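Beneath this line is the structure, given in structure tokens, with notes to follow.
What follows draws every value from the coordinates through simple rules; no lab data is involved. Bear in mind the structure is a predicted one, so any value in this text is a computation, not a measurement. Virtual Cβ from ideal backbone geometry, glycine too; neighbours counted across all protein chains shown.
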Amino acid sequence: MAEKSEKMTTKQELRAPDAFQLYGAEASSWLEKRQQYIGLALGVALVGGLIAATVHYFSARGEEKASKQFGEALSVLERPVVTGVDLQPAAEGQEPPFKSDKEKDEAIVQSLTGFREANKGSDAAAMAALPLGKAEYRLGNYDQALASFDAFLGKARKEDPLTVSAREGQGYAYEAKGELDKALASFQEMSKLDAGGFLQGMGQYHQARILVAQGKKDEAAQLLSDLKTAQTNTAAGRLATERLAVLAAQGVKVPEPKPESAPAATPDAK
């Protein structure tokens, strides 16, 4: 009976959203979803600034035509999702807010798919594959999401900071398909990259989650123990602490962190 309960827990862990979704790549989505509460103008300004920077970047790389079209394709991101609030009709020449996240993601897919078809082979088209993959993932189109992430990774430089987000998205998609070995490999690649910010240490945390889902709880506990020690003041470190507590409650022995996991000592001031 206990074995059956454990299997059910593992399947539930695969389906249920994890606490890590509040951090990292999902932070921008969190902001967008709450634009109606923090001020539509602020949210639009933030996304608009990102679009302007992206267009400028590709213009500087000699892709003026593609960069202009990319900016137009990304304009769908400026439209917020607003629910449960009575809004005034959109001004003439402006698009109204989306009525649901699904409606917005469908519009993103349509816009960016058309842009990529019209600009095959360009760097801008490769860049567009990343937000396209994220939208496909949110819609549950995991194979299409994986194809988009692969298209981005195929042209992105390893030092490109967005590569971390692409590897994470790739891992999520494989995990959603139940292909845990491939998900683990994606998160291992993610952990090799210099994430920084919200995503610092998250590659290792995701690996531990997958190991738990595979029934390898002792291996997961070691990863989490190392992560907790090395990333004490990060989101990943805090999540590792919480996950270790869950494993301990399930009877898993929490190991000591490996020596190399300890943060570097700060030299004494003279």
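Here are a few things to note about the model shown:
- Sorted fewest first by neighbouring Cβ atoms within 10 angstrom, Leu139, Leu153, Leu223 come out as Leu139, Leu153, Leu223.
- Counting neighbouring beta carbons within 10 Å and listing from fewest to most, the residues Tyr172, Tyr137 come out as Tyr137, Tyr172.
- Isotropic mean projected area of the C-alpha convex hull, the stretch 97-200 (nm²): 7.0
- Taking other Cβ atoms within 10 Å as a rough exposure proxy, Val81, Val164, Val109 sort from fewest to most as Val81, Val109, Val164.
- Anisotropy class of the stretch 72-142 from Cα gyration tensor, a/c 1.5 cut: oblate
- Mean projected area of the Cα convex hull of the stretch 157-215, taken over all directions, amounts to 3.5 nm².
- The GluC sites (Glu not before Pro) of the stretch 186-257 include none that meets both criteria, a DSSP state outside H, G, I, E and B (loop) and at most 16 other C-beta atoms within 10 angstrom of the site's C-beta.
- Restriction of the GluC sites (Glu not before Pro) in the stretch 62-120 to DSSP coil positions whose beta-carbon has at most 12 other beta-carbons within 10 angstrom yields Glu92.
- Over 31 Å (Cα to Cα) - which of Lys120/Lys182; Lys102/Lys253; Lys68/Lys104; Lys99/Lys155; Lys182/Lys258; Lys65/Lys104 fall in this group: Lys102/Lys253; Lys99/Lys155
- Across the stretch 212-257, the volume of the C-alpha convex hull divided among the residues equals 57 Å³ per residue.
- Stokes-Einstein translational diffusion, the stretch 126-165 - Kirkwood Rh over all Cα pairs, 0.692 mPa s, 37 °C, in µm²/s: 334
- Residues whose placed amide H lies under 5 Å from that of Gly201, excluding near-sequence neighbours: Ala195, Gly196
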